[in-house]
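Each reported figure results from applying straightforward, stated rules to the coordinates on display, with no laboratory input. Bear in mind the structure is a predicted one, so any value in this text is a computation, not a measurement. Counting neighbours? That spans all protein chains shown, and the Cβs are built from the backbone with ideal geometry, glycine included.
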Number of protein chains: 2
Amino acid sequence: MNDDVFPAALREMGRTARLAARSLAGLRRAEKDLALGAMYRWLAATRESVLSANAEDIADAKRAGSSPTVIDRLRLDDLRFDEMLVSLTVIQQLPDPIGEIVSERRRPNGLLIQRRRVPIGVIAIIYESRPNVTVDAAALCLKSGNAVILRGGSEALQTNRIIHICLANALGDTGLPTEAVQFVSTVDREAVGQLLDGLDGAVDLVIPRGGSDLVERVRREARVPVLGHLQGNCHVYVDASADRANAEAIVLNSKLRRTGVCGAAETLLIDRDAPEDLARSVIGLLLERGCEVRGDADLRRLDPRIGSATEDDWRREYLAPIIAAARVRGVGGAIEHIARYSSGHTESIVAEDLVAVERFLSEVDSAIVLHNASTQFADGVEFGMGGEIGIATGRLHARGPVGLEELTTYKYVVRGTGQTRG
Amino acid sequence: MNDDVFPAALREMGRTARLAARSLAGLRRAEKDLALGAMYRWLAATRESVLSANAEDIADAKRAGSSPTVIDRLRLDDLRFDEMLVSLTVIQQLPDPIGEIVSERRRPNGLLIQRRRVPIGVIAIIYESRPNVTVDAAALCLKSGNAVILRGGSEALQTNRIIHICLANALGDTGLPTEAVQFVSTVDREAVGQLLDGLDGAVDLVIPRGGSDLVERVRREARVPVLGHLQGNCHVYVDASADRANAEAIVLNSKLRRTGVCGAAETLLIDRDAPEDLARSVIGLLLERGCEVRGDADLRRLDPRIGSATEDDWRREYLAPIIAAARVRGVGGAIEHIARYSSGHTESIVAEDLVAVERFLSEVDSAIVLHNASTQFADGVEFGMGGEIGIATGRLHARGPVGLEELTTYKYVVRGTGQTRG
């Protein structure tokens, strides 16, 4: 595509998204839910075409030598298609966050100061292979009154294009601006740069969802606010006071329930004062379930099947049946290790000693800290938010699961009767 | 200063600020309030030295040909010094935002999910001539559990240095890390670039306070989240339904109470359907109080003293006794004008027609929208926050006055009894 035409097309996308955002901000819940229902019907009626576009994407990806992980993420089958539809129904049933008076105070001079929840505006979402993100992101943004510009992975292009047509048709059918959900259908990597630059102020927020290359690029180039869904280098710490059954169940579930999700545990920390047989049994169970364990010298003494961890392993997000493991000096040692290596996503302590528990929950500075529960609960649905667009690992605006409320901001509405300031 | 030494010194500042932030996060209220009290006593005892350092800064600024506005902002007299001390007392008396459980829900599986308020971490504040910012920013950051790196304007360097010594001494005296409040005492503009780059991940948030040059530079260079205290191009819209006494009082107060503050009105919009004598009297009062009025053709007919507004005037933040003025087609015309030209800070409608009022309050997308009240109420103290570090005009994390709560974030604390995910 011509270099001059291409940025102009994207800028136009930004301009029309901004206009659409202004209409969306004032919509009533019923209008948005009607459009979500239409999206459901359009997608359901187009299932065969979406699945065959997806089959073509998969064939292309295989020819291009994509990894099995990429192919798996890219794949839509009937089950995953149904999940996409269910997600639309769930989001339709969630309460509308917009317009809520979050807080209110009356000042001595009679001014009534209200904080009212409003949409963020125009959100750009840059993601990789999973096509369900196209539907989830569009639905969450619509329900929260935001216009969205979607830029999916090139390997899912044909699938995403047809999904986007369904979504736009649904908007049009229900009288909403079709520019409320836009899709960047070029594979040019320059498009990402344009979005990160904010399209002349049209983009209020960028949400990246993807691997470390994308994340690194966003960090380097973004000129607009970013809600970073970054790495999940999650830790489970087993304290000397841990209940053995809890420790075994939580470590296994945290690591192995699904290994490809950002809430999967990547490092196991075991208290030096924990009984050797507790450490041995937890690690033994991991090994027996096919998980590679890379331990420090102290742990390697326990079991010859434990491999050797290097400095690099403490920082890795494996997203695979591999876990790094170290012994640490009590809860303080665990806190230090996590402060040094964690990506600030999710960490869990397994312990019965409540002093150690409260110290861990207070001093570990990650988006989510858990006591006696699996790290795999790091998920908006599990948190009761109904849906999520990712887990934010930054510190501003939102941390942890980003659901409908996290896609909003607020403004102050001040009601007076002629007050002037002295 | 040597180029290699200088960035290394700043990185070290970032590293020690991060360590200090970890200690601050766990402090109880009493410990923080004790340090605020010590700051008060150190400053009160050092008044003469601070004022004489300030006199030197002012003499230098005059020799360098600084504008009267800069000199005025730079000046500390006894009254302003007292205000600085009062501000410490006020912040000491504010409730501690840290540790508060903002929300809590029990999930069907028994997990208790709490959102707990925590500090942001390390905040860099880049500001210009007002030395009181040094005290206010340090006190607000300390009370909210954040470490702060202050980079004040070069013209206030001697004043800020001695104020910083007082603050650091107070921290040391009360057993808190002196690195919790750091001051960049070089005037090298490279320091700003280093801070905007985040000092190797040590800076969680940058808050700029200053003119458009600084703001533009921050927008261009920042690699870390920014809470932008940008321009205040504030509007007052007088509807045809306005009460005349309200219109006169609110317009005058919005523009002229203080002209150098960001909440001062810069553009007056008058409904075309408003009676001519209402428009004439409001503008007449402005002119009589010495305010220059730059109007559109429609308004210039009303009074020969009205100057001519150009396109540029609709975007200007005068911070001076000058106001741009236009007639607009009802509340819809006002909303359009504001959408096009406003900086998103504060806008007020003067009206008795409640349909017009609600439309204005809903559709004007600025941080603060007011009905029948002066734009000069755009202030954290007037909002009941006790103190503020500025007015955020961005859309993420915080909008409007940035007080203690806005200097915090949250984390999820999840309490289980052995739950694993199915």
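Using Cα pairs under 8 angstrom and six or more residues apart, how large is the relative contact order of chain A, in percent?
18
Using only alpha carbon pairs under 8 Å that are at least six residues apart, calculate the relative contact order of the stretch A:315-422 and give it in whole percent.
Reported relative contact order: 18 percent.
Sorted from shortest, what are the nm distances separating the label point of A:Glu288 from equivalent points in the other copies, each placed 7 Å from Cα along Cα to C-beta?
9.3
One decimal, nm, shortest first: give the distances between the label point of A:Ala320 and those of the same position in the other copies, each label point 7 Å from Cα along Cα→Cβ.
Sorted ascending, the copy-to-copy spacings read 6.6 nm.
Which three semi-axes in whole Å describe the equivalent ellipsoid of the protein assembly as shown, each the square root of 5 times a Cα gyration tensor eigenvalue, listed largest first?
47, 36, 23
Which residue in chain A puts its Cβ closest to the axis that rotates chain A onto chain B, and at what distance in whole Å?
A:His397, 2
Let me see the P(r) profile for the stretch B:1-93: every Cα-Cα distance counted, bins of 5 Å, each bin given as a percent of all pairs.
Pairs per bin, as whole percents: 3, 11, 13, 12, 13, 17, 19, 9, 3, 0.
Please list the radius of gyration and Dmax for chain A, considering alpha-carbon atoms only, with Å as the unit.
23.7, 80
Between B:Glu104 and A:Ala339, what is the FRET efficiency for a Förster distance of 25 Å, r being their Cβ-Cβ separation, to the nearest 0.05?
So the FRET efficiency works out to roughly 0.45.
Please give the calculated 222 nm ellipticity per residue for chain B, where each DSSP H segment of at least 4 residues contributes -39500 (n - 2.57) and the sum is spread over every residue; nearest 500 deg cm²/dmol?
-13000 deg cm²/dmol
Quick check: Cα centre of the stretch B:178-253 to Cα centre of the stretch B:315-392, how many Å?
The stretch B:178-253 and the stretch B:315-392 have Cα centres separated by 18 Å.
Can you tell me what the convex hull of the Cα atoms of the stretch B:108-237 projects to on average, as an area in nm²?
Approximately 12.7 nm², given one-decimal rounding.
Hey, if you drop one equal point scatterer on each alpha-carbon of the stretch B:170-322 and run the Debye formula without solvent, what base-10 log of I(q)/I(0) do you get at q = 0.11, 0.13, 0.21 Å⁻¹?
The Cα Debye sum returns log10 ratios of -0.61, -0.72, -1.27.
Shortest first, in nm, what separates the label point of B:Asp273 from those of the same position in the other copies (7 Å along Cα→Cβ)?
The projected label point of B:Asp273 is separated from its counterparts by 7.7 nm.
Working from the alpha-carbon coordinates of the stretch B:277-422, get Rg over Rh, Rh being the Kirkwood radius.
Radius of gyration over Kirkwood radius for the stretch B:277-422 works out to 1.15.
Which value, to two decimals, describes the C-alpha radius of gyration of the stretch A:35-173 once divided by 2.2 N^0.38 Å?
1.32
Over the stretch A:234-382, what is the relative contact order in percent, taking alpha-carbon pairs closer than 8 angstrom and at least six residues apart?
33
Quick one: if the Förster radius is 22 Å, what FRET efficiency do A:Ala30 and A:Arg80 give, using the C-beta to C-beta distance and rounding to 0.05?
E between A:Ala30 and A:Arg80, to the nearest 0.05, is 0.15.
Please work out the FRET efficiency for the pair B:Leu354 and A:Glu405, using the Cβ-Cβ distance as r and a Förster radius of 25 Å; give the result to the nearest 0.05.
According to the calculation, E is roughly 0.30.
How far is helix A:212-221 tilted, in degrees, relative to the longest principal axis of the Cα atoms in chain A, given as a value from 0 to 90 rounded to the nearest 10?
Result, in degrees: 50.
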